[in-house]
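What follows is a set of notes on a single structure, which appears directly below.
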Amino acid sequence: MPVEFISATFLNASTELKPIAGAGADRDYLERYARALDDYDFNYTLVPYDSSYFDPWTVGATIASVTKNLKIIIALRPNTLYPTVAAKALATLDQLSRGRAVVHFIAGGNDVEQAREGDFLTKEQRYGRLEDYIRILKRAWASPEPFDWDSEYYQFKQFRNLVRPVNGTSIPVSVGGSSEDAYRVGGALGDIFGLWGEPLKETKEQIDKIYAAAEKAGRAPGDRPRIWVTFRPIVAETEELAWAKAHRTLDALESNSAQKKRFFGNVAAGKAGEAPAPQNVGSQRLLEIAKRGEVQDRALWYPTVTATNARGASTALVGSYQTVVDSILDYVKLGCELISIRGYDNLNDVIDYGRYILPEVRAKLPKDVETTETSAPRINGSSTVVVGQ
Ligand SMILES: Cc1cc2nc3c(=O)[nH]c(=O)nc-3n(C[C@H](O)[C@H](O)[C@H](O)COP(=O)(O)O)c2cc1C
C-alpha cells in the first residue's frame, strides 16, 4: 500500500509556541518552508482556511511556483466561492502546477465562524450543500459540454468549463470531519477522507463507517476514499528528550492560552473560566477521549488537545524517532494511506520529520506492513512509557 505524507502550510515564523502578533505573509519564509517540504519528500501540503486568515488560492499558487513535486491541498468552504468559479480556479491551479492541485472540503463546523462570512445554513444543510457542490465540480471537470443545474442550493444554466484538469477528468477531492453527515458525503464522493488522530480502535471504527458509506452510495468494491489521518508529533533522539520537549510544548500552549484569556476574557464561554464547547463532532470526540487519560496506544498524547480545546488537529505522537515511526506504521496497518504530520515548531519539525521519520516509515513499506484486511495491528493501551511526567 502506498503511503504519502502531508504537512500544513505556514506563511511566517509565528508558531503556537512563539506567536508573533500581527505577523503578515512572509514570502521568504513561505518559500523556505515549501521548498523544505519538497526537498524532504513530503507529498502534500494543506493550505488551511479560516474566516480571518490568508487567501489559500494565492498561497497555493505561490507554493506551486517554488516547488516541483509537492501537491497543494486547498481547503475550501463552499460558502466562500460559487462552485463553477471553484471548478475553474482548481483546474487553473492544476494546470499551472502541472497536475498538483487537490481540494479539501470543509462543510463548516461552527455556526459562529460560518456567520462571519454570511453563511447561516444549519450544519445539516451545509452538508447538503457540500454534496451538491462536489457533484457540480465533478461534472464541470468531467466534460467541456455546457450543462444546467437545478437543486436546492444551486441553480444555473448552460455553464461550460473549458479549463480542464491535467488528467482530463478530475482533481482529487478530500472531505474532512467526524460526524455521520461527513461520513455520508465523504464516503459517497471523496477520493480522500480526512480524520484527526484518534486511538487505533476509534480510528478503525471511523474508517469502517466511511467505507460503509461508500458502499451504501453504490461505489464499486475497492472504490472508496483513501484515508488521511493527522498528528502533531513531538520527536527527539530518545524517549526522555521527546517527553521533556512535549512538556515544554504543553507549558507554552497553556501559557499562551492563559494569556489570550487575560486579554480577551472568556467572551463566548458558557461559564466563566471555561472555553466554549466546540460544535464540530471531530473536536468533541477528541475532548471526550482526552478524559480517558493522557496517553493512548503507543504514543498518542492528549494534553495538547485539552490545552487548545481541540482547536483543529491537536493529538500529538510523543517519543523517540523509532517510537513515532512505529506508531505511524500502526495507523498504516489500519488502512491509513495519507499521514499528516506537522509539529509545533513548524519549519524545524519539517526538517526533523524529513530526516528521521519519513525515510524510516518508507523503508518499512511495504514488506513489513500488511493492512488489517490481512493482519490485525497491535493495539496496545498499556505499553507506553510515560517518561518525564
Ligand atoms: C484533515 C482535516 C483538515 C481540516 N482543515 C480545516 C480547515 O482548514 N479549516 C476549517 O475551518 N476546518 C478544517 N477542518 C475541520 C472540519 O472539516 C470541520 O470541522 C467540519 O466541517 C465539520 O466537522 P464534523 O463533521 O466533525 O462536525 C479540517 C478537518 C480535518 C479532518
Legend entry - Of the criteria (1) of a type outside the set (A, V, I, L, M); (2) within 12 Å of the ligand (Cβ to nearest atom); (3) touching a strand residue (DSSP E or B) at 6+ places or on another chain (Cβ under 6 Å), which one GLU198 fails: (3)
Inset, instruction - Quick one: count up the residues across the stretch 179-195 that are within 11 Å of the ligand (Cβ to nearest atom) and buried (at least 22 other Cβ atoms within 10 Å of the Cβ). - result: 8
Legend entry - Test result for ARG126, under 18 Å from GLN279 (Cβ atoms) and either at pLDDT 95 or above or assigned to a helix (DSSP H, G or I) (or both): yes
Inset, instruction - Looking at (1) free of Cβ contacts under 8 Å to residues at least 12 places away in the same chain; (2) within 16 Å of the ligand (Cβ to nearest atom); (3) among the charged types (D, E, K, R), find the lone condition where ARG77 falls short. - result: (1)
Legend entry - Tabulated pairs, the stretch 100-113, first among the β-branched types (Val, Ile, Thr), second more than 7 Å from the ligand (Cβ to nearest atom) and in a strand (DSSP E or B), C-beta under 6 angstrom, 6+ apart or interchain: VAL102/LYS71; VAL102/ILE73; VAL103/ILE74; VAL103/LEU76; VAL103/VAL173
Legend entry - Members of the stretch 221-237 found to be more than 16 Å from ALA316 (Cα to Cα) and at pLDDT 95 or above, listed by number: ASP223, ARG224, PRO225, ARG226, ILE227, GLU237
Inset, instruction - Tell me, please, whether a residue that is in a strand (DSSP E or B) and closer than 28 Å to ASP191 by Cβ can be found in the stretch 298-311. - result: yes
Inset, instruction - Give just the number: which of (1) touching a strand residue (DSSP E or B) at 6+ places or on another chain (Cβ under 9 Å); (2) assigned to a helix (DSSP H, G or I) does ASP41 not satisfy? - result: (2)
Legend entry - From GLU205, GLU215, GLU145, residue being among the charged types (D, E, K, R), surrounded by fewer than 17 Cβ atoms within 10 Å (Cβ to Cβ) and under 23 Å from the mean Cα position of the chain (by Cα): GLU205
Inset, instruction - Mind counting the residues in the stretch 305-323 that are in contact with a helix residue (DSSP H, G or I) (Cβ under 7 Å, 6 or more places away or on another chain) and more than 16 Å from the ligand (Cβ to nearest atom)? - result: 7
Inset, instruction - Would you mind listing the strands (runs of 3 or more DSSP E) fully within the stretch 147-266 where at least 1 residues are out of contact with any Ser or Thr (no Cβ under 8 Å at 6 or more places or on another chain)? - result: 147-150, 155-159, 173-176, 226-236
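The values are calculated or read from the model by the stated rules, or taken from the named source; none is laboratory data. None of these values were measured; they are calculated from a predicted model. With ideal geometry, Cβ positions are generated from the backbone for all residues, glycine too; neighbour counts draw on all protein chains shown.
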